[in-house]
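Okay, structure first, notes after.
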Amino acid sequence: GIQVEQSPPDLILQEGANSTLRCNFSDSVNNLQWFHQNPWGQLINLFYIPSGTKQNGRLSATTVATERYSLLYISSSQTTDSGVYFCAVVDTDKLIFGTGTRLQVFP
Amino acid sequence: ETGVTQSPTHLIKTRGQQVTLRCSSQSGHNTVSWYQQALGQGPQFIFQYYREEENGRGNFPPRFSGLQFPNYSSELNVNALELDDSALYLCASSFPIGSGSYTFGSGTRLTVV
C-alpha cells in the first residue's frame, strides 16, 4: 500500500512566524487532503489538492503529483493554528494518513 | 448544508461489553467511512460503506462491524470490547466514492476500562 510520511514531526513557533510542512507519498494518487486536528480531536478540512496550488487566507498548499510530495505553508502563524496537521491520500477507497506534524504556536 | 455529526461524544465501557457509535453523513454524501485513532497516532481505516454495502475493510477483526442506512447514516458496532479499543472513533463522509473530498465528524472518544 501507499506510504505517507510527513516532516517535521514537531514544530514550535512564535506567533507571527511562517512555516512549511511537507508530505511525501510513495505512489501516484488521485486525491490528497490536508487536515488540521484541533485539541478536541476534530479533523478540519484545509485543502483538497491532488495537484497544483491553492490558497485560503494565511494558508496555502502545493502538490507536485509527478514528484510525489505536497507542501502546506502557514504564514503569520497564530496560537489558534496549534494542533496536529495531517496529510492523507486515497488508496483504493480508503484514506491513508501521514504521521502528522504537531505544531505549537506560542504568543 | 449539514456537516457530519457523531454520537455520543464520549463513552466509557467495561471490557467485554458491546458498543454502538452513530454517524450522520453530510448532505448529498453517499459514502461513509470509519476510522480509529489511538492516542498520538494518525487515524486508521476500519471500513467503508457505499449504498448500504461494506465496500472495503482495514485490518480490524470481525468484532468490528457496521451498517449503513438508506439515508446514508451509519453505525459502528464493536463487540467484546478490549482495553486497546480505547480510542477516538471518527466517521467521514465523501462523494463521489473514491475521489471526492472527505469530511469528518468530531468523533466519539471511547474509553474501555
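The values are calculated or read from the model by the stated rules, or taken from the named source; none is laboratory data. Quick caveat, the model's predicted, so the values are computed rather than measured. Neighbour counts run over all protein chains shown; Cβ positions are idealised from the backbone, glycine included. Remember, those area values only see protein heavy atoms, side chains included, never the ligands or the DNA or RNA. Shrake-Rupley method; radii C 1.70, N 1.55, O 1.52, S 1.80 Å.
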message: Looking only at segment A:33-58, filter to residues that are within 10 Å of the chain's Cα centre (by Cα) and not polar (S, T, N, Q); which one of those is nearest to the other protein chains (Cβ to nearest Cβ)?
response: A:PHE35
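Please work out if B:SER99 is over 15 Å from the mean Cα position of the chain (by Cα), closer than 21 Å to A:ASN31 by Cβ, at pLDDT below 90 and hydroxyl-bearing (Ser, Thr, Tyr).
Yes: the conditions hold for B:SER99.
To keep it simple, each residue is scored yes or no on (1) part of a loop (DSSP other than H, G, I, E, B); (2) more than 8 Å from every other protein chain (Cβ to nearest Cβ); (3) surrounded by 16 or more Cβ atoms within 10 Å (Cβ to Cβ); (4) not basic (Lys, Arg).
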site	(1), (2), (3), (4)
A:SER70	no, yes, yes, yes
A:VAL89	no, yes, yes, yes
A:LEU95	no, no, yes, yes
A:GLN104	no, yes, no, yes
- line: Reported set for segment A:8-45 where residues are open to solvent by 40 Å² or more (accessible area, probe 1.4 Å) and either touching a Gly at 6+ places or on another chain (Cβ under 9 Å) or within 18 Å of B:SER94 (Cβ to Cβ) (or both) is A:PRO9, A:ASN24, A:SER26, A:ASP27, A:ASN30, A:PRO39, A:TRP40, A:GLN42, A:ILE44, A:ASN45
field: Failed item, numbered, when A:GLN78 is tested on (1) more than 9 Å from chain B (Cβ to nearest Cβ); (2) open to solvent by less than 30 Å² (accessible area, probe 1.4 Å)
entry: (2)
- line: Of the candidates B:TYR35, B:TYR50, the one satisfying the condition of being open to solvent by 40 Å² or more (accessible area, probe 1.4 Å), among the aromatic types (Phe, Trp, Tyr) and in contact (Cβ under 8 Å) with a residue 12 or more places away in the chain is B:TYR50
field: Out of B:GLY107, B:GLY66, sole residue that is on the phi > 0 side of the Ramachandran plot and either open to solvent by less than 50 Å² (accessible area, probe 1.4 Å) or free of Cβ contacts under 8 Å to residues at least 12 places away in the same chain (or both)
entry: B:GLY107
task: Identify all residues within segment B:6-32 that are open to solvent by 50 Å² or more (accessible area, probe 1.4 Å), modelled with pLDDT of 95 or more and under 15 Å from B:GLY105 (Cβ atoms); write none if there are none.
output: B:SER7, B:THR9, B:HIS10, B:ARG22
message: Checking the structure you have, find out if any residue of segment A:32-53 is of a type in the set (Phe, Trp, Tyr) and out of contact with any Phe, Trp or Tyr (no Cβ under 8 Å at 6 or more places or on another chain).
response: yes
field: Answer residue from segment B:34-62, given it is facing chain A (nearest Cβ under 7 Å) and assigned to a strand (DSSP E or B) and is nearest to A:TRP34 (Cα to Cα) among those
entry: B:PHE45
field: Failed item in (1) within 13 Å of the chain's Cα centre (by Cα); (2) assigned to a strand (DSSP E or B); (3) of a type outside the set (Gly, Ala, Ser); (4) within 14 Å of another protein chain (Cβ to nearest Cβ), with A:THR99 passing the rest
entry: (2)
task: Consider only pairs whose beta carbons are under 7 Å apart and that are at least six residues apart or on different chains; among these, list those whose first residue lies in segment A:70-82 and is over 15 Å from A:GLN14 (Cα atoms) and whose second residue is among the basic types (Lys, Arg).
output: A:LEU71/A:ARG22
